[in-house]
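In what follows, a structure is listed as structure tokens, so that the remarks can point back to it.
Derivation of every value follows stated rules applied to the coordinates shown; laboratory data play no part. Owing to the predicted nature of the structure, the values given are computational and were not obtained by experimental measurement. In this analysis, Cβ positions are derived from the backbone assuming ideal geometry, glycine residues included, and neighbour counts consider all displayed protein chains.
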Amino acid sequence: MYSLLRRALFTLDAEVAHERTAALLKFASQTPGASAVLRQLFAPATRGLGQTVAGLTFAHPIGLAAGFDKHADLTHGMALLGFSHVEVGTVTPRPQAGNPKPRMFRLVEDQAIINRMGFNSVGMDVVASRMAKRPLQLPVGINIGKNRDTALADATADYLSAFTTLAPHADYVAVNISSPNTLGLRQLHETAALRELLDTLRAANQWQRPVFLKISPDESLDQLEQVIATAMTAGISGIIATNTTISRPNLQSSNANEVGGLSGVPLRDPAMATLRHVARLTDGKLPIISVGGISSAQDVYARLRAGASLVQLYTALVYHGPAIVAQLSWGLAALLRRDGVSDIRQIIGVDRNLPA
Ligand SMILES: Cc1cc2nc3c(=O)[nH]c(=O)nc-3n(C[C@H](O)[C@H](O)[C@H](O)COP(=O)(O)O)c2cc1C
């Protein structure tokens, strides 16, 4: 059924299609009859798939990655599509428009997207008030970033103000230092800047919220070692790996040369390679949320075995439609059954020491 809807949506500009879909989902989630139907239609598998990560309870491992629900409009709708958790954002302290449109491009032949949204955000105060009213159904993280016109040297102050406003309303906070679309942001992977940022947030964290660091797939192994060491010293709760890539591995589509971050199937191998490095470096001491190119139950299974506790996706929702979480979770349950595994926790990290 989604193939028909997809054909119609793909005739529209990618961001317009996103807005229409989001509006439809929001409407359905506010309509009692429609939400009951969605809940039934897209019910995910949960048996043997639940676990506690960073003190939060997840019914299964598959969550919505940041960027789809930037303004905290869709958490209820995404719960109806079966996601176990939603990451809202990126949210900036002050509202900002983001980059000029068009800024989101489908690469259909590659099952990928390039985006250069540039943190379009309604700002932290609007998101805080929406989050204060949200139904408590599933863990919701809030991903924070800095405003475009804040100098990099002042970035910590921006993150701190977003953190103190939003952490009270979030189940976890994701510190995004890895978007390629805000000039210089990725320099926050450097040790001194990262240490200052994470130490400041730790000192401000009177709510004891879990704090995850979202990293880029484009760092060298040396940089990755430094980032993980710094994050562990700063008492971070977990790592989200990864954001989009600025690399362009073997793409077929005419949009391949658009500027921005690439997500979807071509990101699968770089994201898996980063996960393997991070899993080896953290050695089971920090939970990892793996993101990037996940579109099948086999992908989820491989990420968990490599050391991820949870996974997230965005682009596969665009290409495979609203049944994606049901498909992946039931598929994962079947793979576990095939291998005689009754509880997901038995397989997390079993392949950690395989070569990257
Ligand atoms: C249109 C679009 C907007 C995004 N916006 C954000 C964002 O605001 N903050 C963020 O941390 N990641 C953002 N991402 C990255 C995703 O959260 C995710 O890390 C990336 O897309 C890889 O996952 P995927 O291959 O399943 O899409 C965005 C991705 C897309 C496609």
Lysine pairs in the stretch 2-346 8 or more apart or on different chains: how many have alpha carbons under 28 angstrom apart? 15
Once you list every other residue whose beta carbon is under 15 Å from the beta carbon of Ile114, what net charge do they have if Lys and Arg are +1 and Asp and Glu are -1? -1
Take each of the peptides 61-69, 263-271, average the number of other beta-carbon atoms within 10 Å over its residues, and list them starting from the highest. 61-69, 263-271
For 73-83, 201-211, ranked highest to lowest by mean beta-carbon neighbours within 10 Å, the order is 73-83, 201-211
Just subtract the alpha-carbon distance of Arg20 and Arg352 from 0.36 nm times their residue separation and send over the number in nm, one decimal. 115.4 nm
Percent of beta bridges antiparallel (DSSP, the stretch 2-346, rounded to nearest 5): 30
Considering only the other residues whose Cβ falls under 12 Å of the Cβ of Arg134, what net charge follows from Lys and Arg at +1 and Asp and Glu at -1? -1
Please report the net charge: other residues with Cβ closer than 9 Å to the Cβ of Leu251, K and R +1, D and E -1. -1
Checked against the positive end of the charge dipole of the chain (+1 on Cβ of Lys and Arg, -1 on Cβ of Asp and Glu, about the Cα centre), the farthest of Pro32, Phe212, Ala174 is Pro32
If unit charges are put on Cβ atoms (+1 for Lys and Arg, -1 for Asp and Glu) and the dipole of the chain is taken about its Cα centre, the option from Met1, Ala17, Ile113 lying farthest towards the positive end turns out to be Met1
Run the dipole for the chain about the Cα centre, Lys and Arg Cβ at +1, Asp and Glu Cβ at -1, nothing else charged, and hand back the magnitude in debye, nearest 20. 780
Per residue of the chain, what 222 nm ellipticity follows from adding -39500 (n - 2.57) for every DSSP H run with n ≥ 4, rounded to the nearest 500? -11500 deg cm²/dmol
With 10 angstrom as the radius, rank Phe105, Phe163 by how many other C-beta atoms surround their C-beta, starting from the fewest. Phe105, Phe163
Which of Asp125, Asp171, Asp222 has the fewest Cβ neighbours within 10 Å, and the rest in rising order: Asp222, Asp125, Asp171
Counted neighbours (other Cβ, 10 Å), sorted fewest up, put Ile177, Ile347 in the order Ile347, Ile177
How large is the charge dipole for the stretch 166-324, taken about the Cα centre, if only the Cβ atoms of Lys, Arg (+1) and Asp, Glu (-1) carry charge, to the nearest 20 debye? 300
Between Thr274, Thr245, Thr21, find the one with the highest GNM mean-square fluctuation for the chain; connect C-alpha pairs within less than 10 Å. Thr21
